[in-house]
Amino acid sequence: MYSKITPQLKSLCFVVPALLSLQAGYANNIVNESAKINVISNSALLQETVKGKVLDENGMPLPGASVLETGTSNSVATDIDGNFEINVAVGRTIDVIYMGYKTQTITITGSTVTVTLLPDASELNEVLVVGYGKQAKKDVTGAVSQISESQFRQGVNISTDQLLQGKIAGVRVTPTSGEPGAGINVNIRGVGSIRSGSTPLFVVDGVPLTNDGVSPTGANVGFGASAAKNPLNFLNTSDIESISVLKDASAAAIYGARGSNGVVIVTTKKGAKGKAGFTVDSYLGFSKIMNKLDVLSADEYRNAITDPAFDHGGNTDWQDVIFRDAVTKNNSLSYSKGTDSGNYYVSLAQMDQEGIVNQSAFKRTTGRVNVAESFLDDKRLKFKVNLTASETKDSGVPTSDDGGSDGQLIIHTLMANPTRPVFDETGAYTNFNMNAHYNPAYLLSIYEDETRTTRVLGNMETSFRILKGLEYKMNLGIDRSVAERNTTIYRNLTDRSTTGRYVQGNVDSKNTLIEHYLTYDFLTGKNKFDVMGGFSYQKFETSGTSFIVDQIGERGEGIKPSINPGYRGVQSGVSGYAQINELQSYFGRVNYAFDGKYLLTASLRADGSTRFGENNKYGYFPSAAAGWNISEESFLKESTVVDNLKLRASWGQTGNQEVQNKVTQASYSLTAADGYYLYNDLGLINGVTYSRTANPDLKWEVVTQYNIGVDFNLWADKLYGSVDYFNKTTTDAILFIPAPVLSSTPNVWTNMDGEIVNSGLEFMLGSKIINTEDFTWDLDVNGATLKNEIKDLPVSEILSGTISGPGQSGVLGNIYKSGYAAGSFYLLEHTGFDADGAPIYKDQNGDGVISNNDRVITEGAIPKFTYGLNSNMRYKDFDFSFSIIGQTGGYLLNNTGLNALNINNLASDRNTLSNYSNSGANQSNAPQLSSLYLEKSDFIRLNSARIGYTFKHPSIAWMQSLNLYVTGQNLFTITNYSGFDPLINSNKANNGNQSLGIDYGTYPTARTFIIGATFKI
């Protein structure tokens, strides 16, 4: 007859109850390992009751450790002081288990036992952060990957998403620009939506963030608008402890309507038990452009032109004029402490990064306080508070994506005539043909763009253990940001703004969260259950204002309103908006394990959102998964080769609610001149034009995904890894349909039939190649294949990807069409040049005229294979690590070459690329959107490398360590792409449909070297 778990379990409150019971469930299935023990025997006689204490390697008590009589279900758990009491006969053995520590098996020889457990660094015992909890890696049934601080991408990392680059299979991180603070595209397992918005859901310490921008877009002061800054820039990356990526639907479905693009869970640092720690981390970085473009030099230009009037007598490298060697300074201080009842972490950091383009910069100041404490005699009541505040300042340069060359500093720079000097004989900037082309240095002198954002993110989590195994949790969170963007063009020599213009935009955002949920964990024989259910309510409030002031004068002459609010100019363009969105959710999950071998997980979330139509307010998102720990079976349990072998399978559905506010409602345009609007007999309003029809049936995009995977650890982690096959299908795609496509109605947002299917194979292989006291070497490689295909669209095609350049007005370069990959390119087929140097395009329809009707669908932007390789070595006090990333099978449309560097520039007093000049093309032919500008985006890059040395000396008792290091970032790239960087994606969306694989005037990528020191006491 099995004995019951003793009442001491009720005092366990130091760790999450789900983790405590999880440890106890599988004790009789874990292979015994050596550990340091100290057994104190009071008697050699048989004992009915054994009392003991469990300690960690530092002599601190381990609450929640499981103590199990070997081969039985007789088990107890240690209390908050590490004490336990169990009925076991002398001569029998007990297993002592604690997650993250090596299991110890002890033979009972007396009435008192003290056990010291040692940490277990095995991959098998890693604890993963999942939605609303944690799980041991060996018990996870979904596709979940986690990296910790030691695995983060090395170098200057402003935002959280940059840390993931090259580290996790199936996660592709693509910058929109090399500008400090610019946006970043993160795609998990492909592109699953036609609309702009394939960004995963980010959850920071239990608070789901909004993917909406928290800063204003750049105002159009005559050069086109520019994108908002990356909303993830507010977090200090030095505060991050780990990042978990939930890739399949089984893992992500607990977040329901927001999990279709995957979920990224960010966990910040906490204090650790033992001595208090104080850390200072400072580095100095030096950056320069990674790759200059090979445009014609002054002498080459003179030899290439046919009109001597285009020789202005100078010799200028315009890339050298605007690019600079930039400096980054980063200082971070933190204090941490863990006690028997709680832990504390406090940090303060400041980053000051110069961009490699003059005037561009990013500055950030952050502070963080994380506190956890337990109360009551048995410490069943716990509080956790996580609070961070930041202020960021972004100084930008003209980098518009939505216009021609006017708003593009990089475009102006590349096509600037190299025979023009920067200054004339009077010391003034040389005057180009300003209506079409700026002197780049002059453009910088008349332009300012500054964004200031203050953001506070905090949450308080309260938990109360009601009964043994039953715990109530409440999570209150708030994410508050206020941003102001000031864009100025001073009075200048052109007709863009002859008197100067100042535009201020403001955004005020608030995201509030309240969650209540219960967890219940219990054991019945060999059956282990973890049950969780709860309710969540999240409210998103955003408002914004903007205004314009003209006649501000020249730099240093006029006074901007941001400096002097009392300044009076000519005001115009005053506007504002406000909106509220709400999300109400119910969710539940059950984890079941039998005998540590057979695992089942099921979850369901119901989400109700105000973003959707009256007829579809709620969506329901189920998932199910199963796992089989094959290595726990008798035929493998004693294997000296296989430490772990697990088979996983999952299915589930997630949603995408990232749609503009109020799109389910009708909108109107007032056209009556007299201001009177009357209903006619048909119920319509005279003088009113429908600009969007209502659609009360609009609902979530739904992603259905299944996953089959295997995890393995062989030869004591000499080889470990995982392999997954996934199939991810998007249905009910939310699209903006303009009137010409659905002729029966005007513009409308609707769910469209058809599918977007992403499928592929992911793998991660790692090895602890050498693991000795003096020398360790870990190596891992990850890779992912991807096939993307659109199926059964009810319309013939959807176009996106706005192309910029002369003669390209209204031309779109991406196409979404059944049978092809999302965002494939739609181009004329360039076949060469004729005898006169005129380009030849294939006449696809045979009508003898080259037009848009001759465009064909060519290659796609999405790489078919992405990979990363990461190596970490330590020899005594030296450490060396490096990271390599790469991709193959994708293409880029070089819109920069089409617009700024086409061959007919030589006939227009402008520059071109050397290889264009040498191609034999005729200078008088206008460029066309064609395969001439389509290039492979394949590359392999040494993404980062670091070497360090750690000073430690026993005579300096107060110093824990001093690590000095040198890091290189973006050290070299092997590629045939002719642009600045093949890892890029400019935002050229059209009608809310995202563009893919277009490179337009992108701010270049920097190569950076860092000298730093980390000092710990």
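The values are calculated or read from the model by the stated rules, or taken from the named source; none is laboratory data. Predicted, not measured: the structure shown is a model, and the values here were computed from it. In this analysis, Cβ positions are derived from the backbone assuming ideal geometry, glycine residues included, and neighbour counts consider all displayed protein chains.
At-a-glance table
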read-out: Gly837 being surrounded by fewer than 15 Cβ atoms within 10 Å (Cβ to Cβ) and either out of contact with any helix residue (DSSP H, G or I) (no Cβ under 6 Å at 6 or more places or on another chain) or not assigned by TED's automatic domain parsing to the domain that holds Ile168 (or both); value: yes
read-out: Single residue of the range 595-610 satisfying the filter (of a type outside the set (D, E, K, R) and in contact with a Lys or Arg (Cβ under 6 Å, 6 or more places away or on another chain)) that is farthest from Ser634 (Cα to Cα); value: Gly608
read-out: Looking only at the range 70-86, and only at residues there that are touching a residue at least 60 places away in the same chain (Cβ under 8 Å) and not polar (S, T, N, Q), the one that is surrounded by the most Cβ atoms within 10 Å (Cβ to Cβ); value: Ala77
read-out: Hey, Ala835 without any contact (Cβ under 8 Å) to a residue 24 or more places away in the chain and under 30 Å from Ala298 (Cα atoms) or not; value: yes
read-out: Scope the range 926-964; condition among the aliphatic types (A, V, I, L, M) and touching a residue at least 40 places away in the same chain (Cβ under 8 Å); matching residues; value: Ala926, Leu929, Leu932, Leu934, Ile940, Leu942, Ala945, Ile947, Met959, Leu962, Leu964
read-out: Count of residues meeting criterion [in a strand (DSSP E or B) and either at pLDDT 90 or above or of a type outside the set (D, E, K, R) (or both)] in the range 172-210; value: 15
read-out: The range 949-1006, subset among the hydroxyl-bearing types (Ser, Thr, Tyr) and under 30 Å from Ala276 (Cβ atoms), residue surrounded by the most Cβ atoms within 10 Å (Cβ to Cβ); value: Thr967
read-out: Scope the range 829-850; condition in contact with a strand residue (DSSP E or B) (Cβ under 9 Å, 6 or more places away or on another chain) and either at pLDDT 95 or above or not aliphatic (A, V, I, L, M) (or both); matching residues; value: Glu829, His830, Thr831, Gly832, Phe833, Asp834, Pro839, Tyr841, Lys842, Gln844
read-out: Scope the range 296-342; condition touching an Asp or Glu at 6+ places or on another chain (Cβ under 7 Å) and small (Gly, Ala, Ser); matching residues; value: Ala326, Ser332, Ser341, Gly342
read-out: Condition check for Ser634: exposed (fewer than 13 other Cβ atoms within 10 Å of the Cβ), small (Gly, Ala, Ser), under 30 Å from Asp717 (Cβ atoms) and in the same structural domain as Phe529 (by TED's automatic domain parsing); value: yes
read-out: Boolean, Thr268 is surrounded by fewer than 24 Cβ atoms within 10 Å (Cβ to Cβ), in contact with a helix residue (DSSP H, G or I) (Cβ under 7 Å, 6 or more places away or on another chain) and either without any contact (Cβ under 8 Å) to a residue 24 or more places away in the chain or in the same structural domain as Tyr618 (by TED's automatic domain parsing) (or both); value: yes
read-out: Answer residue from the range 238-263, given it is of a type in the set (S, T, N, Q) and surrounded by fewer than 24 Cβ atoms within 10 Å (Cβ to Cβ) and is farthest from Thr610 (Cα to Cα) among those; value: Ser238
read-out: Residue that is farthest from Leu827 (Cα to Cα) [pool: residues in the range 965-986 that are more than 23 Å from the chain's Cα centre (by Cα) and free of Cβ contacts under 8 Å to residues at least 40 places away in the same chain]; value: Phe972
read-out: Index of the failed condition, Arg485 passing every other in (1) at pLDDT 90 or above; (2) more than 27 Å from the chain's Cα centre (by Cα); (3) more than 30 Å from Val76 (Cβ to Cβ); value: (2)
read-out: Count - residues of the range 772-796 that are part of a loop (DSSP other than H, G, I, E, B) and loosely packed, with under 15 Cβ neighbours inside 10 Å; value: 6
read-out: Selected residue (only one of Ser585, Ser603 is within 16 Å of Gly142 (Cα to Cα) and not basic (Lys, Arg)); value: Ser603
read-out: Enumeration of residues in the range 672-710 that are among the charged types (D, E, K, R) and at pLDDT below 50; value: Asp674, Asp681
read-out: Strands (runs of 3 or more DSSP E) enclosed by the range 932-998 - at least 2 residues per element that are small (Gly, Ala, Ser); value: 939-951, 961-975
read-out: Some residue of the range 349-358 being among the charged types (D, E, K, R) and either in contact with a Gly (Cβ under 9 Å, 6 or more places away or on another chain) or more than 30 Å from Phe234 (Cβ to Cβ) (or both); value: no
read-out: Cross-chain or 6+ apart pairs with Cβ under 9 Å, the range 444-459 first and part of a strand (DSSP E or B), then basic (Lys, Arg) and modelled with pLDDT under 90; value: Glu448/Arg555; Glu448/Lys560; Thr451/Lys229; Thr453/Lys229
read-out: Given (1) over 19 Å from Arg946 (Cβ atoms); (2) at pLDDT 95 or above, index of the condition Ser883 fails; value: (1)
read-out: Options Asn915, Asn904, Asn853; residue that is at pLDDT below 95, more than 28 Å from Thr413 (Cβ to Cβ) and either in a helix (DSSP H, G or I) or among the charged types (D, E, K, R) (or both); value: Asn853
read-out: Single match in Val144, Val129, Val113, Val156 (criterion: touching a Gly at 6+ places or on another chain (Cβ under 6 Å) and either assigned by TED's automatic domain parsing to the domain that holds Glu471 or under 30 Å from Asn230 (Cβ atoms) (or both)); value: Val156
read-out: Top-ranked residue in the range 723-741 [being in contact with a Ser or Thr (Cβ under 8 Å, 6 or more places away or on another chain) and farther than 18 Å from Trp651 by Cβ; ranked as modelled with the lowest pLDDT]; value: Ala739
read-out: Residue match in the range 433-448 (condition: touching a Pro at 6+ places or on another chain (Cβ under 8 Å) and under 30 Å from Arg480 (Cβ atoms)); value: no
read-out: Residue identified as under 30 Å from Gln146 (Cβ atoms), touching a residue at least 12 places away in the same chain (Cβ under 8 Å) and either over 25 Å from the mean Cα position of the chain (by Cα) or surrounded by 14 or more Cβ atoms within 10 Å (Cβ to Cβ) (or both) among Tyr826, Tyr867; value: Tyr867
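Table: residues versus (1) closer than 28 Å to Gly285 by Cα; (2) under 33 Å from the mean Cα position of the chain (by Cα); (3) at pLDDT 90 or above; (4) crowded, with 23+ Cβ neighbours inside 10 Å.
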{"position": "Lys876", "(1), (2), (3), (4)": "yes, no, yes, no"}
{"position": "Gly889", "(1), (2), (3), (4)": "no, yes, yes, no"}
{"position": "Ala900", "(1), (2), (3), (4)": "no, yes, no, yes"}
{"position": "Pro927", "(1), (2), (3), (4)": "no, no, no, no"}
